[in-house]
Structures are given as C-alpha cells and as structure tokens.
Amino acid sequence: SNNSTKAQLNLTRFAKLIRKNLEINQEKFISIEEEIEYLELYLALEKLRFDESFQYKIRVDKLIDETEVNIPTMLIQPFIENAIWHGIMPQGGVGEITIDFKQNVKNLIITVFDNGVGYDITKANKRSTHKSIGLKMTRERLFLMQNIYNQEFSMSLVKVDNEDPSLSGTKVTIKLPLNLF
C-alpha cells in the first residue's frame, strides 16, 4: 500500500524469521527466550498477513529462567498456526491467542489458548481436502521423547465452552520435564 517504511520493517522481520528458523532447526532444544523471540517474529508477520485480525500475549512465570529452561524446537509454532487458521480466521472479527509458560516442582507447563471457534474432533476427522499432520507428528514426537528420556512428555487439546464467548475456544496444554536438557 505504498508504505515503504512498513514494507522494509516487515521484510526485515521476515528475513529474521527465516534465519531464526534455519538456526533453531539445527538444534534439538532451545531456550524459552529463543522460542519467544521466534514466536514474536512469527506472530507479528501473521498479524500483518491477516490484517491485524488477532492479538496475542506471551506470559512467562516469574519462577522460570527463560535463558536456562529449554524446550524441544518447533513445538509451539504449529499450535499457534492452527489457532490462527482453524480457530480465529473462521470466526471473523478480532481474536486473541495467549501463550503461557508455567512451572511446578517437576514440570514445565505450556498452554496455547485461542478464543476462536473451538476445535471439533468430529469435523477434524471428516476433513478430506486438508490433511493436517502437525498434531499427529507432535504427539508422536512427545511419545518418542518420553521413551528416550523416561520422563513424562504429554499434550492435550480441548475445546473450551464458556458463556462468555471471549473465554471459549481451544486450549492446548503441553507438559514437559524440567531440567532435563
């Protein structure tokens, strides 16, 4: 739209995202700090792409040292992509995605919540034109890590129904062991 300053800023973001993607895909695990940097770049570009049709928040528990706690690479981004494409875009209007990193004594708990239309397993199973393998691959990956490290790696995906539509949608919860990496 003839805004060269904004175009330059977003082209720079895109280049950083591609570079970051290449870097992190060389590693098995990255720090939460690096993951957040990657997610911020990804979300900023998706907001631009979808005409600011969603907001997002990334929150980290004060107990977590973002530079020291590591997570498997490319674990969260597919859920955010699904939240945008399958949750927020179909509903129209402005949606919200919230990503939380919390810890308890033994585990890191990551939640991704979107206030979109909500995940419907019956519709997901009936789709014939779109073959999403992200969820299946993530489950298999967590199962494999659980076997390798002999610790709990788990994931759940639930549709959240609430009288307040802004509190309804889809919630993904990922549970990882702390101090394993």
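The values are calculated or read from the model by the stated rules, or taken from the named source; none is laboratory data. Since the model is a prediction, treat every value here as computed from it, not as a measurement. Note that we place each Cβ from the backbone using ideal geometry, even for glycine, and neighbour counts take in every protein chain shown. Note: areas computed on protein heavy atoms with side chains; ligands, DNA, RNA excluded. Shrake-Rupley method; radii C 1.70, N 1.55, O 1.52, S 1.80 Å.
Size descriptors for the chain (Cα atoms only): Rg and Dmax, in that order, 16.9, 55 Å. For a straight C-alpha distance cut-off of 12 angstrom, the aspartates and glutamates reachable from Lys47 (same-chain residues fewer than eight places away being disregarded) are Glu81, Glu96. Residues whose amide H falls under 5 Å from that of Glu66, counting only those 5 or more places apart or on a different chain, are absent, with hydrogens built in the peptide plane. For the range 140-180, the solvent-accessible area with a 1.4 angstrom probe is 63 square angstrom per residue. Among the listed pairs Lys28/Lys136; Lys136/Lys171; Lys28/Lys175; Lys20/Lys102, which have their C-alpha atoms separated by more than 21 angstrom in this model? Over 21 Å apart, Cα to Cα: Lys20/Lys102. Of the beta bridges in the chain, as assigned by DSSP with both residues counted there, near 80 percent are antiparallel. When restricted to Cα atoms, the range 47-125 yields an Rg and a Dmax of 14.4, 41 Å, respectively.
In this Cβ point-charge picture (+1 for Lys and Arg, -1 for Asp and Glu), the chain has a dipole of about 620 debye about its Cα centre. So for the range 56-108, averaging the separation of alpha carbon pairs under 8 Å that are six or more residues apart and normalising by length, what relative contact order in percent results? About 62 percent, as a whole number. For the chain, with all protein chains in place and a probe radius of 1.4 Å, 51% of the accessible heavy-atom surface sits on carbon or sulfur. Put simply, when 15-22, 109-116, 29-36 are sorted by average Cβ atoms within 10 angstrom per residue, most first, you get 109-116, 29-36, 15-22. Summed over the residues of the range 1-109 and divided among them, the accessible surface reaches 57 Å² per residue at a probe radius of 1.4 Å.
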